[in-house]
1. Which residues, taken from the range 395-426, are touching a Ser or Thr at 6+ places or on another chain (Cβ under 9 Å) and among the β-branched types (Val, Ile, Thr)?
2. Please enumerate the residues belonging to the range 301-343 that are within 30 Å of LEU49 (Cβ to Cβ) and either free of Cβ contacts under 8 Å to residues at least 24 places away in the same chain or not aliphatic (A, V, I, L, M) (or both).
3. Scan the range 157-188 residue by residue and report those that are closer than 22 Å to ALA399 by Cα, among the charged types (D, E, K, R) and more than 15 Å from the chain's Cα centre (by Cα).
4. If I ask for residues that are part of a helix (DSSP H, G or I), over 17 Å from ARG26 (Cβ atoms) and among the polar types (S, T, N, Q), which ones from the range 385-434 would you list?
5. Among what's in the range 120-148 and is among the charged types (D, E, K, R) and without any contact (Cβ under 8 Å) to a residue 24 or more places away in the chain, pick the residue that is farthest from LEU96 (Cα to Cα).
6. Yes or no: the range 65-75 includes at least one residue that is touching an Asp or Glu at 6+ places or on another chain (Cβ under 8 Å) and within 22 Å of SER159 (Cβ to Cβ).
7. Evaluate the range 222-230: report whether one residue or more is over 23 Å from LEU49 (Cα atoms) and among the β-branched types (Val, Ile, Thr).
8. Restricting attention to the range 212-266, and to residues there that are among the hydroxyl-bearing types (Ser, Thr, Tyr) and under 24 Å from the mean Cα position of the chain (by Cα), which single residue is farthest from GLN38 (Cα to Cα)?
Amino acid sequence: MSNNGKVENFISGFWSSFPRKAPPPRMKLYTSPSFYSQALFEILTGVYLKGQDIEKLEDTLLSYFQVPHALTIPTARVGIYFILRSIIKPGQKVILSPYTIADVINMVVCAGGIPVFADIDRETCNINPTEIEKLIDKDTGAVLVTHFYGLTCEIEKISEICARYKVPLIEDAAQALGAKVGGKLVGTFGQASIFSFGLYKNVNSFLGGAILTQDQQLYDVLRKEMATLPLQPLLPYLKKMFKGLITDIATQKYLFRFFTFWIFRYAFLNNVGALNNQLKIDTNPKLKKKIPIDYLVRMTPLQARLILHQWANIERDTAQRIKAAEIYDAGLKDLKELILPPLRTDGSHLYTYYPIQYDQRLELVRYASLHYRDIAESHHRNCANLPCFQEYARSCPNAEETARTLIYLPTYPSYGLKEVEKNVRMIRSFFGAS
């Protein structure tokens, strides 16, 4: 078929389905028009490099988490690199989950560590404490745990294991800002922790992160390391801002309902790879043995100001996501074909997404699209089985199955609980349940 014929078929298929009502988008950034106007104004006037807001943000972190030391970093992954480089010896093992992005593994390698993959719990998608304990030996330099999708891992149990074996515990709380376990904020259980203020996080500055620690010596080393780095260059930051702006425009209420949804729905149903791949992450994972030089920068005062403006929204947004999780749990828990996350309403699970698992997920996602609902299959991988990490490969069957079967259901605060209920009804109809 000629290119003109393909275009005509695409347009015909697009318009044939257009009259139907579209749903809200599967995801929204935690941004607002004021983000872009403030950033643009500060960049054009040069103000983005001025002010004491880095110090204000670090003081806010100290007060919020009640920890003695906090410092800002360029990204969460760089925080992992600096922490590990400071606490492990070259060639020591770092136990971590295989269900994560490839660059987390790369940061372990770049820091001189050997990744050792511990399998996960299917319901929470988080590292299994029993698997951690099996793998600890005399060569273990650290345990790195991640609270994935805002679902906290069994951090109290893991903390006890690490204390018993005298192994440093590091928390990757990039997706769990504000979560509490036993009344204690996630990020305060280990020797150090990292948070992310990246584009897709519930508090974001397009790029950025933070480290917390109770270890004075570690803090002094990290502070000295960060002081040697240049400030975040403007061009990469503008590129990330532009990506955010395009995402915000594409998911704007009316544009999404009248245009964006139909384009991507048609692409998904007709396997248009060029468009479908735009929605995937970590599509070409590679092993890195040396940290890229462009990772090594410092946060700007502008980024700190953007974060501080959102800080008061953390608890409000969490409460709304938990309400969505309650509706999903009540409506889906009797469907034995699904694996659901545990329901917790005490703030220990934040549900940045509501992750469900189904063995034939493509069929369910396709059914949702055909019935005008926008949900997504996960693109996170089992890093223990990726060719680029072959030298660290290990059998992690739960991570493999989770990577194959997981689906995101939307929970972001402006999504609307009635839309959550529509998703529940759609999924129940797929399984023929009333």
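The numbers here are math on the coordinates, done by the rules we state, and not lab data. Fair warning: this is a prediction, and the values are worked out from it, not measured in the lab. In this analysis, Cβ positions are derived from the backbone assuming ideal geometry, glycine residues included, and neighbour counts consider all displayed protein chains.
1. Listed by number, the residues that qualify are THR402, THR405, ILE407, THR411, VAL420.
2. Matches in the range 301-343: PRO301, GLN303, ARG305, HIS309, GLN310, TRP311, ALA312, ASN313, ASP317.
3. Scanning the range 157-188 gives a single hit, LYS157.
4. ASN385, GLN390, ASN398, THR402, THR405, SER429
5. The residue in question is LYS138.
6. So far as the range 65-75 goes, yes, one or more of its residues are touching an Asp or Glu at 6+ places or on another chain (Cβ under 8 Å) and within 22 Å of SER159 (Cβ to Cβ).
7. No, the range 222-230 contains no residue that is over 23 Å from LEU49 (Cα atoms) and among the β-branched types (Val, Ile, Thr).
8. Filtering the range 212-266 for residues that are among the hydroxyl-bearing types (Ser, Thr, Tyr) and under 24 Å from the mean Cα position of the chain (by Cα), the one farthest from GLN38 (Cα to Cα) comes out as THR213.
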